[in-house]
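The structure appears right after this line, and notes come after that.
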Amino acid sequence: MNKSNEMDSKTITIQRTFNAPIALVWEAWTQSEHIAEWWSPKGIQTKVVEHDFKVGGKWKYLMPMPNGQEFTAEGEYAEIVEMEKIVSSANFKPMTEGVEIQALFQANGDKTDFTFHVVHPTEEYKIQQEKMGIMNGWGSVFDRLAELLKNM
């Protein structure tokens with residue numbers, strides 16, 4: 001298997017077009033006060049504990065779950081290209097650990113084409129995450145982002 005096929009077999013990709021200019025979408029992704037409004041499924045409030053938006057900077061968000069447990073999302077920024085790309089390690093404890101997330105932004109007139117990759121260590125882990133509902137989880141989060149962008 002070549003390297004491209006191997007990456008594809010370990011990657012979940014979600015694509016959206018947001019009805020907002022790229023600068024606004026970038027702001028929503030990079031500023032703590034906005035992240036707190038959308039970085040969780042509907043009905044759950046995100047608490048931004050740490051957000052050092054630079055290469056090598058760490059981020060950590062907490063979300064209280066309906067069962068009283070706390071869901072922790074954290075990682076470290078590996079690559080940032082302004083208005084274009086954010087790459088980070090990511091752990092979503094207790095459900096997903098050791099993945100890389102890639103958020104890619106492309107201007108499309110007054111809209112923004114968005115591609116989101118979740119790269120897993122193995123194809124088996126990716127398949128397990130698909131069965132657990134990763135597409136629905138991130139879909140809900142990006143629905144919240146779309147709603148926030150309407151009001152920014």
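Bear in mind these aren't lab numbers, they're just calculated from the coordinates by the rules spelled out. Please read these numbers as outputs of a predicted model, since none were measured by experiment. In this analysis, Cβ positions are derived from the backbone assuming ideal geometry, glycine residues included, and neighbour counts consider all displayed protein chains.
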Inter-label distance for Ala36 and Glu70, nm, one decimal - labels placed 7 Å from Cα along Cα-to-Cβ
1.5 nm
Longer than 20 Å from Cα to Cα, which of Lys93/Lys150; Lys60/Lys126; Lys111/Lys150 are they? Say none if no pair is.
Lys93/Lys150; Lys60/Lys126
How big is the dipole moment of region 10-151 about its Cα centre under a simple scheme where the beta carbon of each Lys and Arg is +1, that of each Asp and Glu is -1, and everything else is neutral? Debye, nearest 20, please.
280 debye
Give the shape of region 86-152 as rounded, prolate or oblate, defined through the alpha-carbon gyration tensor: a ≥ b ≥ c are the square roots of its eigenvalues, a/c under 1.5 means rounded, and otherwise the shape is prolate if a/b is larger than b/c and oblate if not.
prolate
With the contact rule set at Cα under 8 Å and sequence spacing of 6 or more, what percent relative contact order holds for region 13-152?
28 percent
How much length is gained if the chain between Asp8 and Tyr125 is pulled fully straight, taking 0.36 nm per residue apart and subtracting their Cα-Cα distance, in nm to one decimal?
40.8 nm
From DSSP H assignment alone, runs of 4+ in the chain each adding -39500 (n - 2.57), the sum over residues rounded to the nearest 500 puts [θ] at 222 nm at -10000 deg cm²/dmol
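Using a simple charge model, +1 on the beta-carbon of Lys and Arg, -1 on the beta-carbon of Asp and Glu, nothing else, what dipole does region 46-86 show about its Cα centre, in debye to the nearest 20?
Computed charge dipole of region 46-86: roughly 120 debye.
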